[in-house]
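Down below is the structure, laid out as structure tokens.
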Amino acid sequence: MSTQIHWFPGHMKKAQIEIEKKVKLVDCVIELLDARIPLASRNETLYKITQNKLRLVVLTKSDLADPEMTKKWANYFESKGSAVIFADLNKSSDIQNIIKNVEKLGEAKQQKLISKGMKPQPIRAMIIGIPNVGKSTLINKLAKRHSASVQNKPGHTKSQQLIKVSNRFELLDTPGILQNSYEDKKQAMLLALTGSIKREILPTEEVAETAFNYVKEFYFKNLQERFAYLEEKDSFIDAFAKIARSRGYLSKGLEDTGKAMEVFLNELKNGQIGRVSFERVD
Ligand SMILES: Nc1nc2c(ncn2[C@@H]2O[C@H](COP(=O)(O)OP(=O)(O)OP(=O)(O)O)[C@@H](O)[C@H]2O)c(=O)[nH]1
Ligand SMILES: [Mg+2]
């Protein structure tokens, strides 16, 4: 439908303008990237909009990623000059670590104000990221610590909701979100594997084959732990026929490999096939 084609860019543009306005209100952005695909999950437009702000890169869902690779990715971002940490957003010590690191970024601002004899102000931050990287989870966790102090500071910006996380850190309660465009097929594939875009936009078999071959090459142990009957010599098709048979996915007496692929991709996305990073540092 032509309306749909027109709707999407308009929607993107509007979101972008909205974020540009909000960015002016903050000192710092907390950029959430999926630890399993740190490059593919960065939105370049969002990155550019926020380029001159203090930045804390948080590699989220680190509990689902290959820990060794995550460390390498953290080093990679550090080498590019970003403050970076990785986090499982469901772990309170990791939330604590995010708070500590944001406050650290704010120290220079505090010192500057103090040296001018002024009252130190909290660093004001905003969370940015593509869909599904954990923005709402993080906001809720940060807000819950001080839910009583969620405040509404009126000003020329109408009523931006600010969450007081600590005396040194306040958070804009609405995150900046932009979809990645799907021009780069490899990137779209990675985003589909981790759940940031709908998998249906790509053919299941193609996604499954790419994912399976990748996991087989780099994480064969994970495969064997989940599907003990798989062997390294199994081709993609043989493997999914085996999985379908073992799980009882049959259609008219034949192995329903399509169903096996769907289930495989879901399990892979949810970490049931072990910790997997889909992008590697060279
Ligand atoms: N395992 C794991 N799951 C996480 C983590 N962070 C978030 N999730 C899960 O990922 C899913 C998406 O999280 P949200 O917080 O809704 O992501 P979002 O960025 O707000 O997504 P949109 O609102 O679609 O832009 C939820 O099911 C979360 O529970 C994490 O660190 N580890
Ligand atoms: Mg959300």
| said: Nearest 10 degrees is fine. How inclined is helix 185-194 to the longest principal axis of the chain, computing both from alpha carbons? | reply: 90
| task | For helix 135-145, report the angle its Cα long axis makes with the longest principal axis of the Cα atoms of the chain; keep it between 0 and 90° and round to the nearest 10°. | result | 50
| request: Would you give the gap between the C-alpha center of the stretch 213-275 and the C-alpha center of the stretch 25-63, rounded to a whole Å? | output: 33
| message | I'd like the orientation of helix 236-247 relative to the chain: the angle between its Cα long axis and the longest Cα principal axis, in ° from 0 to 90, rounded to 10. | response | 90
| task | Can you list which of the GluC sites (Glu not before Pro) found in the stretch 164-204 are DSSP loop residues with at most 15 other C-beta atoms within 10 Å? | result | GLU183
| query | What's the Cα-based Rg to Rh of the stretch 203-269, Rh via Kirkwood? | reply | 0.93
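Rg(Cα) of the stretch 172-235 divided by 2.2 N^0.38 Å? Walk me through the intermediate numbers first.
Working: Rg = 15.5 Å, N = 64, 2.2 N^0.38 = 10.7 Å.
Working it through for the stretch 172-235, the quotient is 1.45.
Lys and Arg at +1, Asp and Glu at -1: add these up for the other residues within a Cβ distance under 15 Å of ASN75 and post the number. Before the final figure, lay out each step's value.
Details: positive: LYS71, LYS72, LYS80, ARG280; negative: ASP66, GLU68, GLU78, GLU279, ASP282.
With Lys, Arg at +1 and Asp, Glu at -1, the net is -1.
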| Phi-based couplings in Hz for the stretch 101-115 (Karplus 6.51, -1.76, 1.60; Gly and Pro marked x) | 6, 5, 4, 5, 5, x, 4, 4, 4, 4, 4, 4, 5, 4, 5
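Using a 10 Å cut-off around each Cβ, can you sort ASP173, ASP238, ASP34 from fewest to most neighbouring Cβ atoms?
Details: ASP173 18, ASP238 13, ASP34 30.
Ascending number of Cβ neighbours within 10 Å: ASP238, ASP173, ASP34.
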| So which of LYS71/LYS144; LYS109/LYS135; LYS22/LYS80 end up more than 27 Å apart, counting from Cα to Cα? | LYS71/LYS144
| note | The set of residues whose placed amide H lies less than 5 Å from the amide H of ASP34, leaving out same-chain residues fewer than 5 positions away, is SER41, THR60
| Once the Cα atoms of the chain are picked out, what are the Rg and Dmax in Å? | 21.7, 80
| field | Packing-based ranking, highest mean first, of 213-226, 82-95 given that Cβ atoms within 10 Å are counted | value | 82-95, 213-226
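Let me have the relative contact order for the stretch 2-177, percent, based on Cα pairs under 8 Å that are six or more residues apart. Walk me through the intermediate numbers first.
Numbers: 276 pairs, mean separation 40.9, N = 176.
Relative contact order, the stretch 2-177: 23 percent.
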| LEU250 versus GLU18: modelled label distance in nm, points set 7 Å from Cα along the beta carbon direction | 5.1
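Only the coordinates and a few stated rules stand behind these numbers; no lab work does. What you are looking at is a predicted structure, and each value in this text was computed from that prediction instead of being measured. Counting neighbours? That spans all protein chains shown, and the Cβs are built from the backbone with ideal geometry, glycine included.
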